[in-house]
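A.B. asks: I am attaching a structure below and will ask some questions about it afterwards.
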Amino acid sequence: MFTVHFESLFRVQEEGKKRGEMEKGKGLVDLCIEAATACSESVDIWRRQRRTLERLPFQLADDLFRRLHSRRLLSPSILEIFQFCVNEVDLRGESCVDAEWMVYLSAFRYLHSLNIADCKNVNNFSLWHLSGHSSLKELDLSRCSKITDAGIKHLLSIATLEKLCVSETGLTADGVLSLSSFVNLRVLDLGGIPVTDTALSSLQVLTQLEHLDLWGSEISNVGAATFEKFPMLRILNIAWTKVTRMPILSIACLNMSNCTIHSIVDGDNTATATLSKLIITGATFIDADQVFSILQLSCLKFLDISCSNIGSFNFLVNLRNLEHLNLRYSQITDGLMEQVASAGEKLRYLNLSNTKITSHALSVLVGCVPNLENISLSHTLVDDTSLAYISMTSSLQLVDLSHTRIRGFVDSGRENSDKMLSLSALQNLTNLRSLNLEDTKVMDEALQPLSLLTELVCLYLKSDFLTEISLHAIASLQKLKFLGFRGAVLTDYGLLSYRPPPLLCVFDLRGCWLLSANAVSSFCKKYQQVQVRHAHVNNPFEDEIVSYGSSASFITTKVPLSRPRTVKSSNTSFVDERMKYSTEELLQLENSTGLSFMLKDLDLLPEILRK
C-alpha cells in the first residue's frame, strides 16, 4: 500500500534545509507530493489516512491542496479531508465552485484566506454557509456577479474579516452601507460598484482602513472629502470617477486614471511628500504644469502617465528618485527626451512603447540611465541604429523591440562592403535575460549573433521571414525557459530534429502552419517537460502562464471598464500565409527532408524559400 508519512517527511526536509542540504533539485516532500497527486488513484489511496492528514502542518497542507487543485483532482469529498489543516484556499475562476463546495469550505476550522473571485456559480445562498466563521480574515468575491446586497448580509457576522474584495459584483450603494459593520477591515475593494458620496461617508467608521479601491464609482469631489476620515489610509484607487480635486492626504499610492484632474492636492503640498506611487493613465489635465508644480514628489518612485494628454514633461527634472516610468501612448518625442534623461539616475523601468520616438531618442539616454533594467520600445520608429545606443546600458535585463523597424543589418558606410549584423551589439548586455523581436523585419542570417547571448531566459520571435535555420541557430542558448518562434516557416523535420534546451518550459509555435498534428504530437511526447503552444495542441492552461519579459509584462496598470479613450483600436485581419505558395510548392515544403542549419549555407534551402 502506498503510505506517505507527510508530517515526518516535512520535519526531515526542514532539518535538511537548516543544514544546507537539498538545495539542488527537489526536496523529499516535493517528490512525495508529486507522487501523491499523480492521479486520482493515488489520491484514493492516501485520502483514507484521515488521522495523519489532520495533523499536517499548515504549510505542507496548503502545498498539497494547491497541487491537487492545479491537477484538477479536487472535489467536495476531498475538501473534507483538509478541514483541520488548511488555512489558505485559492479557487479563483473555478466554475465548479458552488453552494456544495462552500459547505465544505466553511468547515475549514483554521481558514485564514479564501479567494473565490470569478467563480460564476457562487451566489447569495453560497455565502450563507460562511456566516459566523471564526478565523476568516481575507475574502475575495470579485466578479462573482450573482452576489448582491442580500449575500453580503450573510457575512456581517464574520468579526475577524480584515480584507474584503467585492468589485464588479451585484452590490449596490445600499449594500455598501452595511459594510460599516466590518470595523477591522484594512483592505476594501469596491471597484465597479456604484458607490455614492453618501455611501462612502457611512464607511468613515472603518478607521483601520489602509487600502481603498473605488474605481468606476459615482463619488465626486464632495465624497472625496471623506478620505480625510481614514487616518490609516495608504493606498487609494479612484480611477474612472468624477473626482477632479483631492483633499490633503498623506498616502503612499494614488490612482486617478481616466479622471479629469484639476489638482492632486488642495492646500499644503507637503502632504504629497509621502507619495511614492502615482498612476494617472489616460487622465485629462486642464493644466499639467500647474498640477505638478505644486506637488512635492521627493519620494515618488513609480509614475505611470501612459495614455494621458500631458504635452510638457518639465516636471520630470524634479523626480530624482524615480525608478519606474511608463510613457506608453504618451506625447513624448525625441525633442522631449532630455527631460526623461534628467530623471534617469535611479530609473530601472522605462516604457516608451506606442510613441513617436526614433532611434535618436535612445542616444539622448546614453550615460543617463546607469541602472536601467527594463526598456520597452514596442510599436515605435526605432531602427537598427538604436541597438548601438541600447548596448551602452550594460544593466539592461529586458529589452522589447517588437513591432519596430529592426532588420538585423546596418550599412557599413563603405561602397560594395557587406552589411553589418546589428544584433551583435547586444553582446555587451551581459545581464540580458529577455529579448522580444516579434513582428520585426529580421531574417535568418540576421539572427546569428543571438547565439552568443548565453544568459537569455526568454526569447520572442515572430515573423514569416524566419525558417528552421534560425531555430537551430539559437539551440546553443541553454538557459532558455520561454521560446517564442511564431509564424515561421517550420517543417516537421525541422521541429523533430530540434533539441530544446534542458530548462525550456514553454515553446510557442503558434502560427507555424506547416507543422502537422503528428509532428507536434511526437515532439510533445518526446519532451513532456515542455509546454507547446500550437493549434494542434489543446492546452487550457496556456493563458495562465506569465513568462518573464513577455510583451504583456510591460502593461503595468490594470485599467478597468474599457480601453482608455486616447487609444484607438486598429482593424487587424488574418492573413493565410499559404496563399504565398502554389499547391506544388506547399507539398515541397511539407515533404522537405530537412534544411541546412548553417546560416551561411542558404543555398541549401528548398528553392521556394530562396524566393
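The values are calculated or read from the model by the stated rules, or taken from the named source; none is laboratory data. Keep in mind the model is a prediction, meaning the values are calculated, not measured. Neighbour counts run over all protein chains shown; Cβ positions are idealised from the backbone, glycine included. Heads up: the accessible areas ignore ligands, DNA and RNA and are worked out on the full protein's heavy atoms, side chains in. Shrake-Rupley method; radii C 1.70, N 1.55, O 1.52, S 1.80 Å.
A.B. asks: Residues to consider are 209, 236; find the one that is open to solvent by less than 10 Å² (accessible area, probe 1.4 Å) and in a strand (DSSP E or B).
C.D. replies: On the way: 209 fails: in a strand (DSSP E or B).
Answer to the selection: 236.
A.B. asks: Would you mind finding the one in 377, 396, 456 that is under 21 Å from residue 512 (Cβ atoms), open to solvent by less than 10 Å² (accessible area, probe 1.4 Å) and aliphatic (A, V, I, L, M)?
C.D. replies: That would be 456, the only listed residue that is under 21 Å from residue 512 (Cβ atoms), open to solvent by less than 10 Å² (accessible area, probe 1.4 Å) and aliphatic (A, V, I, L, M).
A.B. asks: Taking the conditions exactly as written (modelled with pLDDT of 95 or more and basic (Lys, Arg)), does residue 245 satisfy them or not?
C.D. replies: no
A.B. asks: Would you check which residues across the range 93-112 are open to solvent by 20 Å² or more (accessible area, probe 1.4 Å) and either polar (S, T, N, Q) or assigned to a loop (DSSP other than H, G, I, E, B) (or both) and list them?
C.D. replies: Selection gives 93, 94, 95, 96, 98, 106, 107, 109, 110, 112.
A.B. asks: For residue 432, are the conditions met, namely being of a type in the set (A, V, I, L, M, F, W, C), within 18 Å of residue 452 (Cα to Cα) and either surrounded by fewer than 20 Cβ atoms within 10 Å (Cβ to Cβ) or touching a Cys at 6+ places or on another chain (Cβ under 9 Å) (or both)?
C.D. replies: For residue 432, the condition - of a type in the set (A, V, I, L, M, F, W, C), within 18 Å of residue 452 (Cα to Cα) and either surrounded by fewer than 20 Cβ atoms within 10 Å (Cβ to Cβ) or touching a Cys at 6+ places or on another chain (Cβ under 9 Å) (or both) - is not met.
A.B. asks: Between a residue in the range 196-209 that is free of Cβ contacts under 8 Å to residues at least 60 places away in the same chain and any residue that is open to solvent by 60 Å² or more (accessible area, probe 1.4 Å) and part of a helix (DSSP H, G or I), which pairs come within a Cβ distance under 6 Å, given they are 6 or more apart or on different chains?
C.D. replies: From residues that are free of Cβ contacts under 8 Å to residues at least 60 places away in the same chain, the pairs are 197/222; 199/177; 202/177; 204/229.
A.B. asks: Among the residues of the range 70-80, which ones are surrounded by 14 or more Cβ atoms within 10 Å (Cβ to Cβ), in a helix (DSSP H, G or I) and either in contact with a Phe, Trp or Tyr (Cβ under 7 Å, 6 or more places away or on another chain) or free of Cβ contacts under 8 Å to residues at least 24 places away in the same chain (or both)?
C.D. replies: 76, 79, 80
A.B. asks: Then there's this: Restrict the check to the range 118-126 and report whether at least one residue is over 23 Å from residue 159 (Cβ atoms), of a type in the set (Phe, Trp, Tyr) and without any contact (Cβ under 8 Å) to a residue 60 or more places away in the chain. Explain how you work it out, then say what you get.
C.D. replies: Start the filter on the range 118-126 by keeping residues that are over 23 Å from residue 159 (Cβ atoms), which leaves 118-121, 123.
Now drop any that are not of a type in the set (Phe, Trp, Tyr), which leaves none.
No.
A.B. asks: Which residues, taken from the range 357-367, are farther than 17 Å from residue 331 by Cα and either in contact (Cβ under 8 Å) with a residue 60 or more places away in the chain or open to solvent by 40 Å² or more (accessible area, probe 1.4 Å) (or both)?
C.D. replies: Hits for the range 357-367 are 366, 367.
A.B. asks: Of the residues that sit in the range 399-410 and are open to solvent by 10 Å² or more (accessible area, probe 1.4 Å) and charged (D, E, K, R), which one is farthest from the chain's Cα centre (by Cα)?
C.D. replies: Restricting to residues being open to solvent by 10 Å² or more (accessible area, probe 1.4 Å) and charged (D, E, K, R), the top hit is 407.
A.B. asks: Looking at the range 368-460, what strands (runs of 3 or more DSSP E) fall wholly within it and have at least 1 residues that are more than 29 Å from residue 340 (Cα to Cα) and either without any contact (Cβ under 8 Å) to a residue 12 or more places away in the chain or among the aliphatic types (A, V, I, L, M) (or both)?
C.D. replies: Numbers: elements: 374-376, 398-400, 434-438.
Of the strands (runs of 3 or more DSSP E) lying wholly inside the range 368-460, none has at least 1 residues that are more than 29 Å from residue 340 (Cα to Cα) and either without any contact (Cβ under 8 Å) to a residue 12 or more places away in the chain or among the aliphatic types (A, V, I, L, M) (or both).
A.B. asks: Next up: Consider residue 464 carefully, then state whether it is modelled with pLDDT under 95, open to solvent by less than 60 Å² (accessible area, probe 1.4 Å) and part of a loop (DSSP other than H, G, I, E, B).
C.D. replies: Considered against the rule, which asks whether it is modelled with pLDDT under 95, open to solvent by less than 60 Å² (accessible area, probe 1.4 Å) and part of a loop (DSSP other than H, G, I, E, B), residue 464 comes out as yes.
A.B. asks: Give the residues of the range 81-92 that are in a loop (DSSP other than H, G, I, E, B) and at pLDDT 95 or above, sorted by residue number.
C.D. replies: If the condition is that a residue be in a loop (DSSP other than H, G, I, E, B) and at pLDDT 95 or above, then 91, 92 are the ones that fit.
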